[in-house]
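Trainee: Here it is, the structure in full.
The values are calculated or read from the model by the stated rules, or taken from the named source; none is laboratory data. This one's a predicted model, so the numbers in the text were calculated from it and none came from an experiment. When we count neighbours, we look across all protein chains shown, and the Cβ atoms used for this are built from the backbone with ideal geometry, even at glycine. SASA here: full protein model, heavy atoms, side chains in, ligands and nucleic acids out. Shrake-Rupley method; radii C 1.70, N 1.55, O 1.52, S 1.80 Å.
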Amino acid sequence: MSRLASVLGAALLAGSVLSTTIAAAPAAAQAPTASDVVTIETLSNRADLVSGGDVLVEVRVSDGSDLSTLRVDVDGRDVTDAFAVRSDGRYLGVVDGLELGTNVLRAELPSGHGATLAVTNHPLAGPVFSGPHILPWACSGESLDEHCNREPTYTLLYKPRSGGGFQTYVPGETNPEFVATTTTDEGVEVPFIVREEKGVIARDEYRIAVLYQPDAEWTAVEPQQQWNGKVVITHGQSCDTSYGMGASPDVRLEQPLAAGFAIISHALDHAGHNCNIATQAESLVMTKEYLADHYGQHRYTIGTGCSGGALAQQQVANAYPGVYQGISPACSFADAWSTAMQYIDYYLMREYFEQPQKWGAPWTPAQISAAYGHPNYANPVTFTEVIPNSGEPTRSCPGVPSEDVYDEDTNPDGVRCTLQDYMVNIFGRREVDGFANRPWDNVGVQYGLKALLDGTLLPLQFVDLNTKLGGLDIDLDPQAERVEADLFGVEAIYRSGAVNMGNHLNQTAIIDLRGPDPGAFHDTYRTDVMRARLVEQHGNADNQLLWEGSVALLGDATYRDAAIFALDRWLANVEADTRDIPLSQKLIENKPEDLSHRCTNGSGQDVPQEYCDQVVEDYSSPRIEAGMPLSENIVKCQLVPIEDFDYGDVVFTDEQMAALKAAFPTGVCDYARPGVHQQDTVAWQTYATGPGGTPLGAAPVSVGYGPAVLGVVAAAEPLPATGGGMALAGLAAMGLSVATRIRRRG
């Protein structure tokens, strides 16, 4: 049996099989009534999540009226001049000058039929839905204000006809004969010139790169024809907290640019700079809105990135479905916070295993590996040395002067540089000390349990490890007792998607790119974890393909671009499917027939799956070795009294059992049951209302009014629509879902 089949079977046995659906498409069109002659839709974002003072808008009429006779205003200010019937027949305009807060957009025909839509505008610096700004925050470079705002800058680049990398293009100076040409995936041939825009949104840097013709105009309502309307987001690596500006990831992806894609990135979606799921999602929503308001409505979005770039894609795609339509996580992690279980377990276990003088019994290297779940001892060492310990509040804190960092003795009011304090908008604060609630827990975890049960560990070793391991207090100082999580934080970690339950991830096309792990903490089991969660939730993982190969971590040198283009074909099929069925079903049924799991030799040549089953070895983690299911999504386990736990044929002495009871006074983990407060991710939460978050709900829609139509009694003129929340059916209004109404190009 291949590893794919093994993983699928294990996941089905590990938990219940759930299914989800999305809201059905609107019913077939009927004769217009007084209230639906005119409709208004914001195309660049939901009407209640707009930022930066402008928004791309479409106005439609259903009674055949001349669109050019519409009058459009914002709170009485005439903005009709911003609108026109465009080359595709749509009545579009970019409304700017929006005030902070609620703006009432109105469109009306001479007949008196019209509609209003409440548009809520947020600052370009945010926040929109992530809650109060992270403070302190240090601007860099020449900022215009305390929010780091600055005017965008533009760089022109070209691909030389003679070959090589991008060069600086200077209009009027660069010889056109030196510039290569490219033909996009829609057959548009243009000089291979790229414009890279760099600016600030949400107090941090963004970048946008597109094929660009310097001698032609580009507007959001009439983009240059070489843009295919599709977007790729690039991501950074690692996982850390920063209290100031950083650099946005590279957007100079030659092959996707040559095909006509827009490539975008944002520093806050570089997990090594910002590992906060709420600000990651917010920065992408704001950047995609800016792209739509200045470049045009996009069709669909594909993510790419390794390690921390993979966890950002997967956790955001699940918690904020519609931000991406396709993702290609490489050397992937399912999310930041379930991964933190392995990190802290490694941290504690290293304290034990690297001090043999404390052992009550000798350990062999094979026994140590069995407890860790990994044969290479370099793995825990590398993981805990290369990745900053974001549980340590006193560590060197990016963006914070050392004198301002927390110290329990000398500076108790300083900045606590932990991930939970960085995400305090999600986790809330503890009453006892005002620090952020900590969702990490190891109460009842029996480290090395599987190795004990299969005879690899002796009872004496198992008891010694579990009685001496202990835990860490809120300041990461060692303590004899296990760590008891703050329950509000446990509930919030699930609701927020900081532990990615995968319940919304069936609405995204996924190609996971994976190579062997050389002891660099990017083991293949992480891909299996995400796959197991999909199976637990949906009964299958048919929207996820596994591409494996022999190149360490990445799988294959060609995979990044190949996955982008494969996802493009997949999503184009979904886009063309107008059936009234769930998106999850469309993703499965519209996967190209030639697109499947892959195994290559690392250089693009496909080889039998058996090769990758041998080369891309599969390991584990301390929690899985302690009995947790492969889905590894139980943050705090439910407990069973130790005397009721079944140890099979293992026999403990009375002294050993007494020691275990002292180490586990409240019991040991019962992984046959769901975890404490374990629940599905709640999609599209806002933290503007306070810690823990609340779902946005249904997106605002326009409200029509006017005289009777075809005998229908006219409704009284309504109050403006108010902000609601995010229903999946409202994703199209954000320009975030796979569009079924797009700008067609010849």
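Trainee: May I ask you to list the residues in the range 308-326 that are of a type in the set (Gly, Ala, Ser) and out of contact with any Phe, Trp or Tyr (no Cβ under 7 Å at 6 or more places or on another chain)?
Mentor: GLY308, GLY309, ALA312, ALA319, GLY322
Trainee: OK, next. Could you look through the range 407-426, keep only residues that are open to solvent by 10 Å² or more (accessible area, probe 1.4 Å) and assigned to a loop (DSSP other than H, G, I, E, B), and pick out the one that is nearest to ASP486 (Cα to Cα)?
Mentor: The extreme case among them is ARG416.
Trainee: Within the range 606-672, considering only helices (runs of 4 or more DSSP H) that don't extend past its boundaries, which have at least 3 residues that are aliphatic (A, V, I, L, M) and surrounded by 17 or more Cβ atoms within 10 Å (Cβ to Cβ)?
Mentor: Answer list for the range 606-672: 654-663.
Trainee: Please state which one of VAL190, VAL194, VAL179, VAL200 is open to solvent by less than 40 Å² (accessible area, probe 1.4 Å) and in contact with a Cys (Cβ under 6 Å, 6 or more places away or on another chain).
Mentor: VAL200
Trainee: Hey, another quick one. Would the range 530-538 turn up any residue that is surrounded by fewer than 23 Cβ atoms within 10 Å (Cβ to Cβ) and either among the small types (Gly, Ala, Ser) or without any contact (Cβ under 8 Å) to a residue 24 or more places away in the chain (or both)?
Mentor: No, the range 530-538 contains no residue that is surrounded by fewer than 23 Cβ atoms within 10 Å (Cβ to Cβ) and either among the small types (Gly, Ala, Ser) or without any contact (Cβ under 8 Å) to a residue 24 or more places away in the chain (or both).
Trainee: Counting only residues that are surrounded by 21 or more Cβ atoms within 10 Å (Cβ to Cβ) and over 25 Å from the mean Cα position of the chain (by Cα), how many does the range 370-387 have?
Mentor: Looking only at that region, the number is 7.
Trainee: Which residue, of THR384, THR418, THR364, is within 22 Å of PRO439 (Cβ to Cβ) and without any contact (Cβ under 8 Å) to a residue 60 or more places away in the chain?
Mentor: The unique qualifying residue is THR384.
Trainee: Also, I was wondering about something else. If you go through the range 529-564, how many residues are out of contact with any Cys (no Cβ under 9 Å at 6 or more places or on another chain), under 17 Å from GLN313 (Cα atoms) and part of a helix (DSSP H, G or I)?
Mentor: Of the residues in the range 529-564, 9 are out of contact with any Cys (no Cβ under 9 Å at 6 or more places or on another chain), under 17 Å from GLN313 (Cα atoms) and part of a helix (DSSP H, G or I).
Residues checked against (1) free of Cβ contacts under 8 Å to residues at least 12 places away in the same chain; (2) open to solvent by 30 Å² or more (accessible area, probe 1.4 Å); (3) more than 29 Å from GLY260 (Cα to Cα):
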residue	(1), (2), (3)
ALA541	no, no, yes
SER550	no, yes, yes
THR558	no, yes, no
ARG569	no, yes, no
ASN573	no, yes, no
GLU593	yes, yes, no
HIS597	no, yes, no
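Trainee: Take PRO393 and tell me if it is farther than 18 Å from CYS331 by Cβ, at pLDDT 95 or above, touching a Lys or Arg at 6+ places or on another chain (Cβ under 7 Å) and not basic (Lys, Arg).
Mentor: yes
Trainee: So if I check each of VAL210, VAL285, VAL221, VAL232, which one is more than 20 Å from the chain's Cα centre (by Cα) and not in a loop (DSSP other than H, G, I, E, B)?
Mentor: It is VAL210.
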